[in-house]
Amino acid sequence: MKVAVFALFFLGLLTANAKTLSILIGGSPDGWKEIAQDFYNKTGIKVNIVQGPPSTDAREIMYSISLLTKTKGFDLIYLDVVWLGKFASAGWLTPISTFVDPFQYFKNKNLTESSFLASLYAGQYYTVPIKADAGLLYYRKDLLEKYGYPVPKTWEELKIFAKEIKQKEKALGNDIEGFVFQGKQYEGLVCNFYEVLRGMGYELITQDQKGFKVAITEQELSNVFTFFRTLVEEGISPVSVINFEEEESRIVFQQGKAVFARNWPYAIKMLLEDEKMRDKFGVAVLPGASPTLGGWAIAISNYSPNKQEAWKFVDFLVDNGLKLLFLKRGDLPTKVDLFNDPEINQKLTYYEVIKQSIDLSKPRTIHPLYPRISSIIQVNLSAVIAGKTPPQLASQKTIRELKKLIEL
Ligand code: GLC
């Protein structure tokens, strides 16, 4: 009898140990693979870190395809804040209340309040926030000083300063772009779009008791579109910006080939590590002071046969991983107390600007059909930047499409 119990116990251990979880992340696995190794050493549970494409849209499609099959696929899901509505309403995510009391958990772990709200969909908490994000302005401190320009406070100022500095440098034989941003037809472009739109004092969609409403006028939207078009038309941004995601913008700026760049906080680490750039750049709140709120969270697939093990990993990541993700990748932690950690604090250059930007940041429109709203903006704005559709016409078309989608 005893032998049988022991045999079962060891068999149980063996099967538990044989379990392998998987998660899809973007770009390099730096930080993630060390966390997975530590987790394996402590628990015997393997986590397969699958390296996906850097673009959020591409990974959203990969997760969606795998979840649509309702088979094991990925046990853990690393979600962009804007995917929550789609993933939760499709029934793809396991509510956190399956494992813990969400409110107590978020409080005990010192997770930021905004990320707590970002986990909520239709009365349930589904995700645990891992990475905080808000758009930032990167600028060439040396060039602004050289020509006596302040950091631009409005988008119009940015355009003027960028254009003038570019021309002055050109006269000295230095070819430099004025402003680089995420101009490709994907989610990143929509983040840039909201920043300009709100920075100009407009709002795209509002909600009251009667429902959602397209709040922007044709003229206002046309102003926003014109801003983007003239960046390219007036040579402030390169024509190739139409192919730029975050990394392309970061690389051009880091190589000293742009006066201004729009990017997320992760780029600070890389710029500081580059001795050619380290002392030449500065980081500020974006013109118009309306950064887009971004961020990433972890959730457990409803189709995972290993939910309890997956939760163990989530908890381990929250306790032991956020610091490493910051030190290795520059990912901003969602745990308030980590900002007082001496190692993080010492490396958290521009903390005040980052904090201010996160405080000022606004989410993209929260709507069950957000992916379609985003797609309407992506298609129309892209056509404007490429010079295929005039801003006025694209504005009429966008408003018509948005109204049809959300007001009927
Ligand atoms: C960042 C943000 C995310 C956003 C994406 C766009 O990863 O955290 O919220 O959707 O950039 O490219």
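The values are calculated or read from the model by the stated rules, or taken from the named source; none is laboratory data. Computed from a prediction, not measured in an experiment: that's the story for all the values here. Methodologically, a virtual Cβ is constructed for each residue, glycine included, from the backbone with ideal geometry; neighbour enumeration extends over all protein chains shown. We work out accessible area using only protein heavy atoms, side chains counted, and drop any ligands, DNA or RNA first. Shrake-Rupley method; radii C 1.70, N 1.55, O 1.52, S 1.80 Å.
Quick look at the numbers
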| read-out | value |
| --- | --- |
| Pairs, first in contact (Cβ under 8 Å) with a residue 12 or more places away in the chain in segment 336-351, second assigned to a loop (DSSP other than H, G, I, E, B), C-beta under 6 Å, six or more apart | 336/110; 336/112; 337/110 |
| Residues within segment 284-296 that are in a strand (DSSP E or B) and either in contact with a Lys or Arg (Cβ under 8 Å, 6 or more places away or on another chain) or more than 15 Å from the ligand (Cβ to nearest atom) (or both), tallied | 5 |
| Count of segment 28-81 residues which are hydrophobic (A, V, I, L, M, F, W, C) and within 16 Å of the ligand (Cβ to nearest atom) | 7 |
| Meets criteria (under 30 Å from residue 407 (Cβ atoms), touching a strand residue (DSSP E or B) at 6+ places or on another chain (Cβ under 7 Å) and in the same structural domain as residue 313 (by TED's automatic domain parsing)) for residue 126 | yes |
| Within segment 35-65, considering residues that are of a type in the set (Asp, Glu) and open to solvent by less than 50 Å² (accessible area, probe 1.4 Å), the one farthest from the chain's Cα centre (by Cα) | 60 |
| Complete set of residues in segment 100-153 that are among the hydroxyl-bearing types (Ser, Thr, Tyr) and within 29 Å of residue 282 (Cβ to Cβ) | 112, 114, 115, 138, 139, 147, 149 |
| Residue list for segment 234-272, filter: under 18 Å from the mean Cα position of the chain (by Cα) and of a type in the set (Ser, Thr, Tyr) | 249, 266 |
| Hey, residue 177 touching a residue at least 12 places away in the same chain (Cβ under 8 Å) and surrounded by fewer than 20 Cβ atoms within 10 Å (Cβ to Cβ) or not | no |
| Output for segment 187-213, where each listed residue is open to solvent by 10 Å² or more (accessible area, probe 1.4 Å), on the phi < 0 side of the Ramachandran plot and outside any helix (DSSP H, G or I) | 200, 202, 203, 205, 206, 207, 208, 209, 210, 212, 213 |
| Any hit, segment 301-321, residues being crowded, with 20+ Cβ neighbours inside 10 Å, over 30 Å from residue 69 (Cβ atoms) and touching a helix residue (DSSP H, G or I) at 6+ places or on another chain (Cβ under 8 Å) | no |
| Qualifying positions in segment 66-101 - surrounded by 17 or more Cβ atoms within 10 Å (Cβ to Cβ) and either farther than 26 Å from residue 369 by Cβ or out of contact with any strand residue (DSSP E or B) (no Cβ under 7 Å at 6 or more places or on another chain) (or both) | 66, 75, 76, 82, 83, 86, 99, 100 |
| Cross-chain or 6+ apart pairs with Cβ under 8 Å, segment 204-217 first and more than 11 Å from residue 365 (Cα to Cα), then open to solvent by 20 Å² or more (accessible area, probe 1.4 Å) and aromatic (Phe, Trp, Tyr) | 215/202; 216/202 |
| Residue that is modelled with the highest pLDDT, among those in segment 102-147 that are in a helix (DSSP H, G or I) and within 16 Å of the ligand (Cβ to nearest atom) | 117 |
| Hey, residue 22 farther than 16 Å from residue 127 by Cα and touching a residue at least 12 places away in the same chain (Cβ under 8 Å) or not | yes |
| Residue identified as under 10 Å from residue 259 (Cβ atoms), assigned by TED's automatic domain parsing to the domain that holds residue 252, in contact (Cβ under 8 Å) with a residue 60 or more places away in the chain and within 25 Å of the chain's Cα centre (by Cα) among 158, 144 | 158 |
| Some residue of segment 149-166 being within 16 Å of the ligand (Cβ to nearest atom), β-branched (Val, Ile, Thr), assigned to a helix (DSSP H, G or I) and within 30 Å of residue 364 (Cβ to Cβ) | no |
| Any pair with Cβ under 6 angstrom, 6 or more apart, that starts in segment 247-267 at a residue that is under 13 Å from residue 139 (Cβ atoms) and ends at one that is among the aromatic types (Phe, Trp, Tyr) and part of a helix (DSSP H, G or I) | 261/253 |
| Checklist (1) buried (at least 24 other Cβ atoms within 10 Å of the Cβ); (2) within 16 Å of the ligand (Cβ to nearest atom); (3) of a type outside the set (Gly, Ala, Ser) applied to residue 225, failing item | (2) |
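For every residue, the table says whether it meets (1) in a loop (DSSP other than H, G, I, E, B); (2) open to solvent by 40 Å² or more (accessible area, probe 1.4 Å); (3) assigned by TED's automatic domain parsing to the domain that holds residue 63; (4) within 15 Å of the ligand (Cβ to nearest atom).
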site: 221; (1), (2), (3), (4): no, no, no, no
site: 229; (1), (2), (3), (4): no, yes, no, no
site: 248; (1), (2), (3), (4): no, yes, no, yes
site: 251; (1), (2), (3), (4): no, yes, no, no
site: 272; (1), (2), (3), (4): no, yes, no, no
site: 275; (1), (2), (3), (4): yes, yes, no, no
site: 279; (1), (2), (3), (4): yes, yes, no, no
site: 282; (1), (2), (3), (4): no, no, no, no
